[in-house]
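**Q** Got a structure here, written out as structure tokens. Questions coming.
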Amino acid sequence: MSDMLSLAYPWIKAIHIMAVISWMAGLFYLPRLFVYHAERTKTGDATDATFQIMEVKLLRAIMLPSMITTWLFGLALVLTPGIVDWTQVWPWSKAAAVLGMTWFHHWLGVRRKNFVRGENVLSGRQFRLMNEVPTLLMVVIVFSVVVKF
């Protein structure tokens, strides 16, 4: 199995990077949709319904498959011999940030369900602030992997 992973390493890494880019795009865009959803709609109006369709399609058709692919191919990279040295700090900081990113993904899913039920209590400003979370986590991940601090 490890020979197969070593041979497929460039392909696994390429797919992992593409999945991460897709997932990150969704993690940046969904909170922005929530900003406008919170500020410019009333529960039950036509704009509310339009935002709900956009949000569920983004979450289910793009973000969820991208997150799953990111995790699967990321785990394949971790299992590839010689790629990760667990005695260093960087794999642990990256892992913590990826878990944070996954938590944020699920947090967004809960917020979407609140909009569907007409129970959103967060303001556009609060969603704007939360929109910075994936950026901060991305910085930790990139520095962890590239600089290996």
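**Q** Going by Cα centres, segment 50-76 and segment 106-149 are how many Å apart?
**A** 14
**Q** Between SER144, THR80, LEU27, whose Cα lies farthest towards the positive end of the dipole of the chain when Lys and Arg beta carbons carry +1 and Asp and Glu beta carbons carry -1, centred on the Cα centre?
**A** LEU27
**Q** Then there's this: How about segment 57-99: which chymotrypsin sites (Phe, Trp or Tyr not before Pro) there are in a DSSP loop, with at most 11 other Cβ atoms within 10 Å of their Cβ?
**A** Listed in order of number, the matching sites are TRP86.
**Q** Where in the chain are the DSSP H helices whose C-alpha atoms run 27 Å or more along the long axis and whose mean Kyte hydropathy is at least 0.5?
**A** On the way: long enough: 2-40 (54 Å, 0.71); 90-116 (39 Å, -0.04).
Once both thresholds are applied, what remains is 2-40.
**Q** Can you give the helix-only mean residue ellipticity at 222 nm for the chain, where every DSSP H stretch with n ≥ 4 adds -39500 (n - 2.57) and the sum goes over all residues, rounded to the nearest 500 deg cm²/dmol?
**A** Result for the chain, helices only: -26500 deg cm²/dmol.
**Q** Please sort 120-132, 104-116 by packing, taking for each peptide the average over its residues of neighbouring beta carbons within 10 angstrom, highest first.
**A** Numbers: 120-132: 14.6, 104-116: 16.4.
Averaged packing, sorted descending, gives the order 104-116, 120-132.
**Q** Calculate, in nm to one decimal, what TRP92 and TRP107 gain on full extension: separation in residues at 0.36 nm each, minus their alpha carbon distance.
**A** 3.2 nm
**Q** Please list, short to long, the whole-number percent of alpha-carbon pairs of segment 2-146 in consecutive 5 angstrom bins beginning at zero.
**A** 2, 10, 18, 20, 16, 12, 9, 7, 4, 3, 1, 0
Bear in mind that the values in this text are calculations on the coordinates, not laboratory data. Since we're looking at a predicted model, the values are computed, not measured. Backbone-built Cβ (ideal geometry, glycine too); neighbour counts: all protein chains shown.
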